[in-house]
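**Q** For reference, the structure I am asking about is given below.
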Amino acid sequence: MSAPMAIGCRKHPRLFSKHILHKYRHLLRYLSNSQKEREYDLVVIGGGSGGLACSKEAAQLGKKVAVLDYVSPSPHGTQWGLGGTCVNVGCIPKKLMHQAALLGHSIQDSRSYGWDVPESVNNDWEKMCGAVQNYVKSLNWGHRVQLKDKNVEYLNALGSFADQHTIRAVDSKGQERSLTTEHAVIAVGGRPTLPTQIPGMVEHAITSDDIFWMKKPPGKTLVVGGSYIALESAGFLTGLGFDTTVMVRSICLRMFDQQLANLVTDYMENNGTRFLKQCIPLGVVKNGEGKLEVTYQDGNGNQIQETFDTILMAIGRYSVTGKLNLQQIGVVTDDVGKVVGGHGGDLERSSVPHIFAIGDVLHGRPELTPVAIKAGKLLAHRLFGGAQAQMDYDKVATTVFTPLEYGVVGLSEEEALATYGESDIEVYHAYYVPLEFTLPGRDATQCYIKVICQKGEDGSVLGIHLTGPNAGEIIQGFSVAMGCGVTWRQLSSSIGIHPTTAEELVKLHITKSSGEDPAVTGC
Ligand code: FAD
Ligand code: NA7
């Protein structure tokens, strides 16, 4: 294909130069633009976890910085303030509602500890939501103040690229402004997917963008999806007293260790969440009473109908890069619109040298707030502080905040087996009973710890997994140890803190391969 074109071009020099000019148009535009005086050193599109961190850090380094943040309302009209997903419709309201649900459990447990609690104790959704929303609004305000204090110009405007060095900002009144900049960071995050192919879902289903801002209690709820967002939402809704069903088409927590994933869902099932497995929604209509009639298909192909008050779709998220004009300016994205980084040896550099991407919008990286923040700060220091350090995306710890929390750092057993092979790994494990479960007689069947190591006393620890109360708090410290390359010898020679759940991790001694009973008995 290329030979005739080349011959043709040599015959027609004008065609040849036109061809070359077209091929290198982005580079030429970059070179010609690079001579001009620009208004800003850095413009960040997206004022979420990553964008705020990056812009503040760059301003601290003495640079002229602007950050654009604009929230397009959800299909149900939900909108929120500055701070991005985590603050408004993610980690923060989610964890507070998780806490609300845990408190409900604790109130029940408290009877066993001598508290005289009335037989019926109910959660007031409006009151809880009001408190959560007020806290979120205080965070929105806090972010605005911080930007002002740190000399970052904040524009409540939708950004897109007019060219490689010019950002077009359009505010809610349609007023437009152009900002020229030396560097740009794309930090626009993502939004939850609503399936257009399932009749009635876009009109009637809500997503995680809406649930935390619902004015009325959700009532009987169908949560669709097996992701962590689906399970966490179903977990707190059940805990708050709502009749909650999770519909899963395949497996839950696909990216996690499946043994632990099953323990998480078993615990939820034992504590009142209903699971419809191997089922898919086919459609939904609103009946005369305002209830949602869902038709779904089970694993045997039967079509079943059931009525719900609320449908929460948690079937994944998409990147909101569609309207940024990335293709036109030469920024390469993957097939789901995420920016491909790693150009020129910099993990966050896009295919256009002075344009970077951080956070959820960056291809192939964990979608977590601390990851976005760290990547944003490191990037600012590389761009403006003479630093070299790249983000370490490896061994990032996380926690699934289901009623029984699941904390994890490193490889799952499946990944370890695939990477190292069965003969090279040793798995230490234990089923344990958290002390706080004992007096109320709570079922601890799903409280489990698994440490995956390379064979031998000095073999590295490859993965740590824990289900139990406060798993998130526990796993953080162990992730530091993993980052330092902790070995099985070092882990198992640590002295525990008694009586805690965390000590069970350093007391592990039974290997899976031994086939011994891993139940912890006594101290
Ligand atoms: P975001 O925080 O999404 O910020 C992007 C911002 O850019 C948004 O404000 C958006 O409105 C704005 N924007 C988009 N397009 C434009 C544009 N063109 N112009 C101007 N502004 C624009 N992570 C955790 O670490 N722990 C958790 O417990 C956790 N729980 C979660 C629970 C839920 C329900 C969800 C949905 C997510 C959760 N996450 C959690 C993930 C976490 O919220 C994200 O990883 C994080 O917010 C990503 O930050 P970001 O800066 O990439 O993007
Ligand atoms: P994920 O982790 O992408 O998971 C999506 C879930 O939704 C998963 O269980 C899917 O099942 C399920 N799904 C997807 N489409 C459908 C349809 N059409 N019907 C029923 N079920 C469906 O999504 P999250 O939003 O939780 O996570 C977002 C990111 O955060 C994620 O990328 C992680 O990196 C962290 P499947 O497994 O495909 O059968």
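**Q** From the set of residues in the stretch 326-347 that are away from ligand 2 (no atom under 16 Å from the Cβ) and in contact (Cβ under 8 Å) with a residue 60 or more places away in the chain, which is nearest to Tyr393 (Cα to Cα)?
**A** Once the filter is applied, the top-ranked residue is Val331.
**Q** Tell me, which residue of the stretch 350-367 that is surrounded by fewer than 20 Cβ atoms within 10 Å (Cβ to Cβ) and within 24 Å of Cys86 (Cβ to Cβ) is nearest to ligand 1 (Cβ to nearest atom)?
**A** Here the answer is Glu367.
**Q** Let me ask another. Out of curiosity, is Ile304 within 14 Å of ligand 1 (Cβ to nearest atom) and on the phi < 0 side of the Ramachandran plot?
**A** No, not satisfied.
**Q** Separate question: For the stretch 472-495, indicate whether the set of residues that are surrounded by fewer than 17 Cβ atoms within 10 Å (Cβ to Cβ) and more than 20 Å from Val409 (Cβ to Cβ) is non-empty.
**A** For the stretch 472-495, residues surrounded by fewer than 17 Cβ atoms within 10 Å (Cβ to Cβ) and more than 20 Å from Val409 (Cβ to Cβ): present.
**Q** Still on this structure, I have one more. Within the group Gln278, Gln305, which residue is more than 28 Å from Leu466 (Cα to Cα) and surrounded by fewer than 16 Cβ atoms within 10 Å (Cβ to Cβ)? Full working, then the answer.
**A** Values: Gln278 fails: more than 28 Å from Leu466 (Cα to Cα).
On inspection, the qualifying residue turns out to be Gln305.
**Q** What do you reckon, is Gly283 in a loop (DSSP other than H, G, I, E, B) and modelled with pLDDT of 95 or more?
**A** So Gly283 fails the test.
**Q** Moving on. Among what's in the stretch 324-346 and is acidic (Asp, Glu) and out of contact with any Phe, Trp or Tyr (no Cβ under 8 Å at 6 or more places or on another chain), pick the residue that is modelled with the highest pLDDT.
**A** Only one residue tops the list, namely Asp334.
**Q** Would you mind telling me which numbered condition in (1) touching a residue at least 60 places away in the same chain (Cβ under 8 Å); (2) of a type in the set (D, E, K, R); (3) farther than 30 Å from Arg349 by Cβ Lys323 fails?
**A** The failed condition is (3).
**Q** What's the number of the only condition in (1) over 21 Å from Thr196 (Cβ atoms); (2) in contact with a Gly (Cβ under 8 Å, 6 or more places away or on another chain); (3) within 15 Å of ligand 2 (Cβ to nearest atom) that Arg249 fails to meet?
**A** (1)
**Q** State all residues of the stretch 50-77 that are touching a helix residue (DSSP H, G or I) at 6+ places or on another chain (Cβ under 7 Å) and either surrounded by fewer than 22 Cβ atoms within 10 Å (Cβ to Cβ) or at pLDDT below 95 (or both); if no residue qualifies, say none.
**A** Matches in the stretch 50-77: Leu61, Lys63, Ser74, Pro75, His76.
**Q** Still on this structure, please answer the following. Give me a count of the residues in the stretch 321-349 that are of a type in the set (Asp, Glu) and buried (at least 18 other Cβ atoms within 10 Å of the Cβ). Show your work before the answer.
**A** First pass over the stretch 321-349, keeping only residues of a type in the set (Asp, Glu): 334-335, 346, 348.
Those left that are additionally buried (at least 18 other Cβ atoms within 10 Å of the Cβ): 348.
Of the residues in the stretch 321-349, 1 are of a type in the set (Asp, Glu) and buried (at least 18 other Cβ atoms within 10 Å of the Cβ).
**Q** Scan the stretch 453-467 for residues that are under 21 Å from the mean Cα position of the chain (by Cα) and either buried (at least 23 other Cβ atoms within 10 Å of the Cβ) or more than 22 Å from Asn262 (Cα to Cα) (or both) and jot them down.
**A** Scanning the stretch 453-467 gives Ile464, His465, Leu466, Thr467.
**Q** A follow-up question, please. Of the residues that make up the stretch 106-124, is at least one closer than 25 Å to Thr207 by Cα and of a type in the set (Lys, Arg)?
**A** no
**Q** Could I ask something else about it? Looking only at the stretch 354-377, which residues are away from ligand 2 (no atom under 15 Å from the Cβ) and over 11 Å from Val185 (Cα atoms)?
**A** Across the stretch 354-377, the qualifying residues are Ile373, Lys374, Lys377.
**Q** Moving on. Suppose the filter is assigned to a helix (DSSP H, G or I) and of a type in the set (S, T, N, Q); does Gln327 pass it?
**A** Yes: the conditions hold for Gln327.
**Q** So which residues in the stretch 102-130 are hydrophobic (A, V, I, L, M, F, W, C), exposed (fewer than 13 other Cβ atoms within 10 Å of the Cβ) and either over 18 Å from Leu240 (Cβ atoms) or touching a residue at least 12 places away in the same chain (Cβ under 8 Å) (or both)?
**A** Trp115, Val121
**Q** To continue, here is another question. Report, by residue number, each residue of the stretch 347-356 that is of a type in the set (Val, Ile, Thr) and either part of a loop (DSSP other than H, G, I, E, B) or modelled with pLDDT under 95 (or both).
**A** Val352
**Q** What strands (runs of 3 or more DSSP E) lie completely within the stretch 162-260 and have 2 or more residues being within 11 Å of ligand 1 (Cβ to nearest atom) and buried (at least 20 other Cβ atoms within 10 Å of the Cβ)?
**A** Once the strands (runs of 3 or more DSSP E) in the stretch 162-260 are filtered for at least 2 residues that are within 11 Å of ligand 1 (Cβ to nearest atom) and buried (at least 20 other Cβ atoms within 10 Å of the Cβ), what remains is 166-171, 176-186, 190-192.
**Q** What pairs come up if the first residue lies in the stretch 373-394 and is more than 13 Å from ligand 1 (Cβ to nearest atom), the second is of a type in the set (Ser, Thr, Tyr), and their beta carbons are under 9 Å apart, counting only those six or more places apart or on different chains?
**A** Ala380/Ser55
**Q** Which condition number in (1) over 25 Å from Thr402 (Cβ atoms); (2) without any contact (Cβ under 8 Å) to a residue 24 or more places away in the chain; (3) among the aliphatic types (A, V, I, L, M) is the one that Leu52 fails?
**A** (2)
The values are calculated or read from the model by the stated rules, or taken from the named source; none is laboratory data. Quick caveat: nothing in here was measured; it's all calculated off a predicted structure. When we count neighbours, we look across all protein chains shown, and the Cβ atoms used for this are built from the backbone with ideal geometry, even at glycine.
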